[in-house]
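Down below is the structure, laid out as structure tokens.
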Amino acid sequence: MQLVLPSAQVLGAYEAVLLSLLLIEKRHCARRRPRHGDSRTPDQPADQTAMPEVLFELPVVVADFAIEMVVPHPAPPRSLSSLNAETVVVAVRRGDGGLGDEVLDFAGRLDQLSHFEVLGVLETASAKEVNAAFLRAAGKFHPDRMLAQGLPALVHQAERIVARLGEASATLTDPERRAAYVAARSGHADPSMRAVIDAEMTFHTGETCLKRGDHGGAVAAFSEAVRQNPLEPEYGAYLAWALFCSPQASKQTLARDTLATLEKVIRERPRFALGHLWCGQIWNFLADGGKATKSFRKALEVDGTMMEAERELRLIEMRRRRSS
């Protein structure tokens with residue numbers, strides 16, 4: 001272990017080292033199961049695990065690491081309680097070329113990669129090849145694997161990777177969305193295709209709003225996407241779910257209508273995994289465990305990486321055992 005401290009701060013070194021090790025241990029022991037990226041139920045808050053007084057520049061990995069600790073001037077205070085008021089940056093870097101390095105490298109390049117590059121397929125790849133590539137990559141970078149490998153601090157990065165893989169797969173396995181995506185990349189989209197592309201961009205804005213709990217923004221974006229491209233059924237499904245999730249919504253009133261919308265989309269798009277998940281969550285809200293179980297199992301059948309469906313099934317089983 002290598003500790004690099006400003007020379008003027010040597011007197012506080014022992015206290016700083018102790019604090020850093022306590023923080024690493026706390027992060028290492030926090031083996032909380034992650035949630036599926038965009039499938040939070042209406043009452044679930046956004047992830048709030050970050051410590052308010054500690055900035056982690058990179059995820060902490062407790063294995064084969066070197067630590068660089070930077071404590072800003074003035075020199076560290078003489079007690080741990082006063083040290084908490086300072087900004088402490090702990091940057092941990094793996095150097096073994098293993099899974100940790102690969103996750104961090106891939107996550108850092110996600111925004112620069114095309115859908116084809118994310119999945120590692122040629123632009124001529126068939127839908128079957130795209131789906132196979134998605135399953136391989138999702139298995140490799142699955143958040144549960146981070147926990148199994150003793151890398152709990154990389155769970156958030158793994159979630160980002162799997163969500164991006166899912167987005168790429170959903171686009172490239174749908175002929176219309178794939179055509180729009182390819183046309184946008186080439187810069188040769190005709191006016192009718194431009195409307196499809198604009199709708200897709202608006203839809204992604206709605207997805208981002210939904211993930212961060214901005215239901216008003218999500219409803220507005222999904223409504224606009226439906227207007228721009230009314231032939232894309234999933235836009236309507238996302239709009240219905242966003243309306244149902246809104247804190248101002250009367251869920252008891254909207255539940256049946258939302259189910260009807262989702263089931264209609266699922267009939268047209270049977271591999272719409274989130275549609276199955278959302279149906280299950282609404283059936284849970286309506287206290288119909290049998291139909292909820294069926295929907296969650298279907299979601300897992302379509303997408304074996306959907307952790308939220310796994311969690312819901314476990315909760316149903318736990319409730320069943322308690323009641324019996």
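The table for this structure:
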read-out	value
Any hit, the range 284-292, residues being surrounded by 24 or more Cβ atoms within 10 Å (Cβ to Cβ) and of a type in the set (A, V, I, L, M, F, W, C)	no
Lone unmet requirement of (1) modelled with pLDDT under 90; (2) in a loop (DSSP other than H, G, I, E, B); (3) open to solvent by 70 Å² or more (accessible area, probe 1.4 Å) for Asp111	(2)
The one condition in (1) aliphatic (A, V, I, L, M); (2) within 15 Å of Phe244 (Cβ to Cβ); (3) in contact with a Phe, Trp or Tyr (Cβ under 7 Å, 6 or more places away or on another chain) that Leu286 fails to fulfil	(3)
Flag for Gly289 being touching a residue at least 24 places away in the same chain (Cβ under 8 Å), within 30 Å of Arg320 (Cβ to Cβ) and out of contact with any strand residue (DSSP E or B) (no Cβ under 7 Å at 6 or more places or on another chain)	yes
Any chance Glu123 is open to solvent by 20 Å² or more (accessible area, probe 1.4 Å), more than 21 Å from Met306 (Cβ to Cβ) and of a type in the set (D, E, K, R)	yes
Qualifying helices (runs of 4 or more DSSP H) (wholly inside the range 171-265; at least 2 residues being open to solvent by 40 Å² or more (accessible area, probe 1.4 Å) and touching an Asp or Glu at 6+ places or on another chain (Cβ under 9 Å))	175-186, 191-211, 215-228
Test: Asp105 is more than 25 Å from Asn229 (Cα to Cα) and surrounded by fewer than 21 Cβ atoms within 10 Å (Cβ to Cβ)	yes
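The values are calculated or read from the model by the stated rules, or taken from the named source; none is laboratory data. Fair warning: this is a prediction, and the values are worked out from it, not measured in the lab. Every residue, glycine as well, gets a Cβ built from its backbone with ideal geometry; the counts of neighbours run over all protein chains shown. All accessible areas refer to the heavy atoms of the entire protein, side chains included, with ligands and DNA or RNA removed. Shrake-Rupley method; radii C 1.70, N 1.55, O 1.52, S 1.80 Å.
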